[in-house]
1. Out of [x] 5.2; [y] 6.2; [z] 4.8, which label holds the value of mean projected area of the Cα convex hull in nm² that was computed here?
2. Just going by the charge dipole of the chain, with Lys and Arg at +1 and Asp and Glu at -1 on Cβ, which of L17, A43, M57 is farthest out on the positive end?
3. Need one number: nm distance between label points at K62 and T10, each 7 Å from Cα along Cα→Cβ, rounded to one decimal.
4. Charges at C-beta only: +1 for Lys and Arg, -1 for Asp and Glu. How large is the resulting dipole of the chain about its Cα centre, in Debye rounded to 20?
5. DSSP loop (so not H, G, I, E, B), at most 12 other Cβ within 10 Å: list which GluC sites (Glu not before Pro) in region 4-73 pass both filters.
6. Report the extension gain between K55 and K33 in nm, rounded to one decimal, defined as 0.36 nm multiplied by the number of residues separating them, less their alpha carbon distance.
7. Heavy-atom accessible area per residue, the chain, 1.4 Å probe: how many Å²?
Amino acid sequence: DQIIDDYSDTDDAYKALFMKAFITAEELKDTEKGIELFEEFLAKYQEGDLNEDAKFMLETLKSGTSIEFLLKD
């Protein structure tokens, strides 16, 4: 959160917000908060290397599909 707050216009904040969303959803198993964070990420950062990954994660979380299941296919 400190990187996101203190360095909001940097590539580090971009990556930190993505990782915060990912960890919240996948490690902490807080799907609702993960969706909220990925939506925030995509609203704040309209372009970037991680945007397609964020869209994939958001779609996956909203569908209720396990990411582990998708990666096995």
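The values are calculated or read from the model by the stated rules, or taken from the named source; none is laboratory data. Computed from a prediction, not measured in an experiment: that's the story for all the values here. As a convention, Cβ positions derive from the backbone with ideal geometry for all residues, glycine included, and neighbour counts pool all protein chains shown. Ligands, DNA and RNA are stripped out before the accessible areas are found, and what is left, the full protein with its side chains, is counted by its heavy atoms. Shrake-Rupley method; radii C 1.70, N 1.55, O 1.52, S 1.80 Å.
1. Of the listed options [x] 5.2; [y] 6.2; [z] 4.8, [z] comes from this structure.
2. The one lying farthest along the dipole's positive direction is M57.
3. The answer from the label model is 3.2 nm.
4. Using only the charged Cβ atoms, the result is roughly 300 debye.
5. E27, E47
6. 6.4 nm
7. Normalised by residue count, the accessible surface of the chain is 70 Å².
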